[in-house]
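Student: Quick one: the structure is below, and I'll ask about it shortly.
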């Protein structure tokens, strides 16, 4: 769970093209004829994508299990004010129904086992109407090997600094991210957070979703074309099954 990282998350991610990302999500909304009156962003973090979508006229409620991340999200400016839910989707579904659910920012990769994935899909289906949509992005092995495995990133700000180390185990498809945070007057790490991602195969995601969702499409990120060997992020378009299916 992000804690100290929440304080500098937006700065660390400042090179992420959030405006372009929000536009891409709206392209998916329109291309698959999704109802978008009310949207839920699972793992919405500091709310920067939700705020971008809000500026485009969408109401995007945010669910995240990190209170520190949600505290940052509440500081954002929203054209349409969202609701905030501090909860773990693996242990509970928020009360209510949303037309469409987003699970982005590699949130799906924080679910390590097939059992956790099945719980995620079950609890997400519970907040969607029949034929409601779920959009999931999934980090690929190509992305990790190209941009992260064995690489270290770092930066320093006025109030803190960070060192971001990455390692990858191809046998278990597990990515270990170690974040060291420093104070303003020393380069010696004063706090450390470790996060683990598991890279899921398309077969695994389809099978775990199947009792609850039909997989409508799997796309090469930021496009409407099919995935390829150079795909860094896969975008899954899931549709909630009807009770009769």
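The values are calculated or read from the model by the stated rules, or taken from the named source; none is laboratory data. Just so we're clear, the structure is a prediction, and the values are computed from it rather than from any experiment. Please note: Cβ atoms are built from the backbone with ideal geometry, for glycine as well, and neighbour counts cover all protein chains shown.
Student: Among the residues of the stretch 233-245, write down those that are surrounded by fewer than 16 Cβ atoms within 10 Å (Cβ to Cβ) and touching a strand residue (DSSP E or B) at 6+ places or on another chain (Cβ under 9 Å).
Tutor: 245
Student: Let me ask something additional. Please determine whether any residue of the stretch 8-18 is under 24 Å from residue 223 (Cβ atoms), assigned by TED's automatic domain parsing to the domain that holds residue 123, more than 14 Å from the chain's Cα centre (by Cα) and modelled with pLDDT of 95 or more.
Tutor: yes
Student: Additional query: Return only the number of the condition from (1) at pLDDT below 95; (2) closer than 30 Å to residue 119 by Cβ that residue 159 does not satisfy.
Tutor: So the condition that residue 159 fails would be (2).
Student: If you go through the stretch 168-185 one residue at a time, do you hit one that is touching a helix residue (DSSP H, G or I) at 6+ places or on another chain (Cβ under 6 Å) and either at pLDDT 95 or above or assigned by TED's automatic domain parsing to the domain that holds residue 97 (or both)?
Tutor: Checking the stretch 168-185: at least one residue is touching a helix residue (DSSP H, G or I) at 6+ places or on another chain (Cβ under 6 Å) and either at pLDDT 95 or above or assigned by TED's automatic domain parsing to the domain that holds residue 97 (or both).
Student: So, one more: If residue 62 satisfies all but one of (1) touching a residue at least 60 places away in the same chain (Cβ under 8 Å); (2) within 30 Å of residue 225 (Cβ to Cβ); (3) touching a strand residue (DSSP E or B) at 6+ places or on another chain (Cβ under 9 Å), what's the number of the condition it fails?
Tutor: Only one criterion is unmet by residue 62, namely (1).
Student: Are there strands (runs of 3 or more DSSP E) fully within the stretch 29-128 with at least 2 residues that are outside the structural domain of residue 194 (by TED's automatic domain parsing) and more than 25 Å from residue 17 (Cβ to Cβ)? List them.
Tutor: Where strands (runs of 3 or more DSSP E) fall fully within the stretch 29-128 and carry at least 2 residues being outside the structural domain of residue 194 (by TED's automatic domain parsing) and more than 25 Å from residue 17 (Cβ to Cβ), they are 84-86.
Student: As an exercise: evaluate residue 95 against (1) under 24 Å from residue 65 (Cβ atoms); (2) touching a residue at least 12 places away in the same chain (Cβ under 8 Å) and give the number of the one condition it does not meet.
Tutor: (2)
Student: Sticking with this structure for a sec: Can you pull out the residues in the stretch 79-98 that are crowded, with 18+ Cβ neighbours inside 10 Å and closer than 21 Å to residue 24 by Cα?
Tutor: 82, 98
Student: Condition check: more than 26 Å from residue 214 (Cα to Cα), in a loop (DSSP other than H, G, I, E, B) and touching a residue at least 24 places away in the same chain (Cβ under 8 Å). Does residue 159 satisfy that?
Tutor: When the stated conditions are applied, residue 159 passes them.
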